[in-house]
Each structure stands twice: as structure tokens, then as C-alpha cells.
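Novice: Got a structure here, written out as C-alpha cells. Questions coming.
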Amino acid sequence: QVQLVESGGGLVQAGGSLRLSCARSGRTFSLYTMGWFRQAPGKEREFVAGISPLGINTWYADSVKGRFTISRDNAKNTVYLEMNSLKPEDTAVYSCASKLSSGNYNTPTAYDNWGQGTQVTVSS
């Protein structure tokens, strides 16, 4: 059974930084598109960032472009989300997800496996 485990969340002041990690079990990590999504209380889950299987292509939501960076280490079966210049509106539960299919990188229903999520809270 595939597992995705996020880590690195926490409480940070506005303007600060956090680095999230997501480790995926299994032997074929390099075949999967990986995505980060977030969900704030009372809001729908939204796309944050995505990265293609070999890391050649990355995609970002407009709200995080220039502040967040997604990367991956296929040797470690891990995807990262570096978050800088954090704002209170970035507060949410952040989850990673994986999918084999191409396209629709920003659509939650296109992803096959999900982690439990990690809480990120940005204080003003």
C-alpha cells in the first residue's frame, strides 16, 4: 500500500519560511507527478504547486508564484515545498499527492494517492 507522509509544518510569523517534505513509499517514485495542495478551514482544497516526474516541469498557483519552490529528490522518494515570505493567508493544511497520468496537474481528483497533511500556521 502506497503511503505519503508529510513533515515540516508548524507555526511561523508572517514573512518567515518553512520547508515541507513528503516521502512516498514504493519503488517507482520517478514515474509520478507530485503535487502540493492546501485546504484552509471552510474553504475548498486548492492547488499550490506541482512537479513532473523527472523534475523538468514545475507549476505554481498564482498566489504562491515567486514565493514557493517545489523540488524533488527521486533517489530519496521525496518532494519538497520551500515556502518563503509567508503570509497569514497561507495558513492551511498542506497535503502532497501523486499521480501517474499526465496533465491536469492542478486538479485534485486527478491524483491517486494522498498524504494526511501537515498544518502550516502563519501569524500576523
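The values are calculated or read from the model by the stated rules, or taken from the named source; none is laboratory data. Because the structure is a prediction, the values reported are computed rather than measured. No Cβ is skipped: glycine too gets one built from the backbone with ideal geometry, and neighbour counts run over all protein chains shown. Side chains are part of the model used for accessible areas, which takes the heavy atoms of the whole protein and leaves out ligands, DNA and RNA. Shrake-Rupley method; radii C 1.70, N 1.55, O 1.52, S 1.80 Å.
Novice: Counting heavy atoms of the protein chains only and a 1.4 Å probe, report the per residue accessible area for the chain as a whole number of Å².
Specialist: Here the residues of the chain average 53 Å² of exposed surface.
Novice: So for Glu46, Glu89, Glu6, what's the accessible-area order with a 1.4 Å probe, most first?
Specialist: The most accessible residue leads, giving Glu89, Glu46, Glu6.
Novice: Let me ask something else about it. Between region 96-124 and region 22-69, what's the alpha-carbon centroid distance in Å?
Specialist: Using only Cα atoms to place each centre, the spacing works out to 6 Å.
Novice: Okay, moving on. Tell me, in nm to one decimal, what length is gained between Ser101 and Ser7 on full extension, where the rule is 0.36 nm per residue of separation less the Cα-Cα distance?
Specialist: Contour length minus the Cα-Cα distance gives 31.3 nm.
Novice: Next question, about the same structure. Taking the Cα of Trp59, stepping 7 Å toward and past its beta carbon, and measuring to each backbone N in region 87-105: which are under 11 Å?
Specialist: The answer is 102-105.
Novice: With a 1.4 Å probe and all protein chains kept in place, how much accessible area does Trp114 have, in Å² rounded to the nearest 10?
Specialist: Counting only protein heavy atoms, Trp114 exposes about 70 Å² to solvent.
Novice: Then there is this: At 1.4 Å probe size, what's the solvent-accessible area of Thr121? Round to the nearest 10 Å².
Specialist: Probe radius 1.4 Å; accessible area of Thr121 about 50 Å².
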